[in-house]
Every structure is written in structure tokens, then in C-alpha cells.
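**Q** This is the structure I have questions about; it appears just below.
The values are calculated or read from the model by the stated rules, or taken from the named source; none is laboratory data. This structure is a prediction, so every number in the text was calculated from the model and none was measured. Cβ placement follows ideal geometry from the backbone for every residue including glycine, while neighbour counts extend to all protein chains displayed. For the accessible areas, the whole protein counts, side chains as well, though only heavy atoms, and no ligand, DNA or RNA atoms are used. Shrake-Rupley method; radii C 1.70, N 1.55, O 1.52, S 1.80 Å.
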Amino acid sequence: MAFTQPALPFPMDALEPYGMKTETFEYHYGKHHKAYVDNLNKLTEGKDLASKSLEEVIQISFKDPSLTGVFNNAAQVWNHTFFWNSLKPGGGGAPTGELADRIAKDFGSFDQFKEEFSNAAATQFGSGWAWLVDDGGKLSVMKTPNAENPLAHGKKALLTLDVWEHAYYIDYRNARPAFIKNFLDNLVNWDFAAANLAS
Ligand code: FE2
């Protein structure tokens, strides 16, 4: 099996006090994320792509219309692993250090960043993702549909929020804005974003 599903960076029940139930992770990690890994392995079995890194598969398949299925599954494997690492029990609040300085410089203020990020997450029509990215030395917010991600567009992801309905329906039903607010208030792993900025 070429591609594997990394372990969650916290126990499945670790975010219960912070607005995300164990059941969410049983489905979102245990079924949705796992299915993308299984599908990617089926689609690449016996092919050259199976020996590439996940990042290479994403970049190769994004440019090739005959590999849309491979791209969708490969990107969703990567996106979800990145999302789990964007969460932390008792996270949220504001970043510090270099990341805080860069956000203040490129967005004007941390509150302005929060507004832009929330707006991107709320207005992504249908399924997709909201991201904080380093775009050639300037931090910005982007939203992507379905499985698309910054990596496919040559940008460095720092942080993400999954806004597919499967990400919030168990905890928040149809109330995506409440899910976004809870992410920013209680879950953002700023250490992960800072490490990505520094890498
Ligand atoms: Fe998801």
C-alpha cells in the first residue's frame, strides 16, 4: 500500500470540550478521510504514481485532466491530514512572534485576518476549504472548491478549515458560521501555522 492515513494528532475525544464531538472524528477521520486513502491506493495501484510522494501526485494530477479522480482523492488525503494538524485542544486565540507580525503587516490587523478568513470560509459555495497561505512572501486568505488546495496552485499552506458539510453537520448541523467561529475561538493550532511559515 503506497499511501497511508497518518494517525490523528490527538485522541478522537480530545476536542469534545472544544465543540467537536468524538462522533465527528469517527466519521470524518475514520470514514471520509480513510475512504480517500483507500480510493487513492486503488486508483494508483501498479502505476508509476504509486511510487511518488503524495505532494508529487497532487501536482502531477492537477495538471492532467485524465487524472481528475486521482487528484481529488490525493488532495483530499493531504487536505484532511493538514486540517487535523490545524486543530488543537484549547487552541484558538491569537498567534505570537513572527506569524503575528506577518499577519498584522499583510492584513492590517489580526481582527482583519479573522474577518477575511471567516468570510472566505462562509462564502465558499458548496464543498471546499478556507486557507491561510504564504503566497510568494505575502500572507493571504484563499478559498478552494472541492479538493483543490494551495499546493496545486503553487502556494504554501499555513492553516486550513474544512467547510465541506461533513465537517460540521454532526456538531453544528447546517450552521457553518458557528463552526467557523468555534474554530477561530477554540481550535486553531497557531503553532502548526507558525512552523509551516518557518519551513
Ligand atoms: Fe472533510
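**Q** Just wondering, is there one or more residues in the stretch 1-17 that are modelled with pLDDT under 95 and open to solvent by 60 Å² or more (accessible area, probe 1.4 Å)?
**A** So far as the stretch 1-17 goes, yes, one or more of its residues are modelled with pLDDT under 95 and open to solvent by 60 Å² or more (accessible area, probe 1.4 Å).
**Q** Check the stretch 71-84 and report whether any residue there is among the β-branched types (V, I, T), within 16 Å of the ligand (Cβ to nearest atom) and open to solvent by 10 Å² or more (accessible area, probe 1.4 Å).
**A** Yes, that holds for at least one residue.
**Q** Can you tell me which residues in the stretch 27-48 are more than 13 Å from the ligand (Cβ to nearest atom) and in a helix (DSSP H, G or I)?
**A** Within the stretch 27-48, the subset more than 13 Å from the ligand (Cβ to nearest atom) is 38-48.
Matches in the stretch 27-48: D38, N39, L40, N41, K42, L43, T44, D48.
**Q** Across the stretch 137-179, what is the total count of residues that are in a helix (DSSP H, G or I), within 15 Å of the ligand (Cβ to nearest atom), under 15 Å from the mean Cα position of the chain (by Cα) and crowded, with 16+ Cβ neighbours inside 10 Å?
**A** Keep residues of the stretch 137-179 that are in a helix (DSSP H, G or I), which gives 150-153, 165-172, 176-179.
Going one step further and asking which of them are within 15 Å of the ligand (Cβ to nearest atom), we end up with 165-172, 176, 179.
Right, trim to under 15 Å from the mean Cα position of the chain (by Cα) and you get 165-168, 179.
Subset that is crowded, with 16+ Cβ neighbours inside 10 Å: 167-168, 179.
Summing the residues that are in a helix (DSSP H, G or I), within 15 Å of the ligand (Cβ to nearest atom), under 15 Å from the mean Cα position of the chain (by Cα) and crowded, with 16+ Cβ neighbours inside 10 Å in the stretch 137-179 gives 3.
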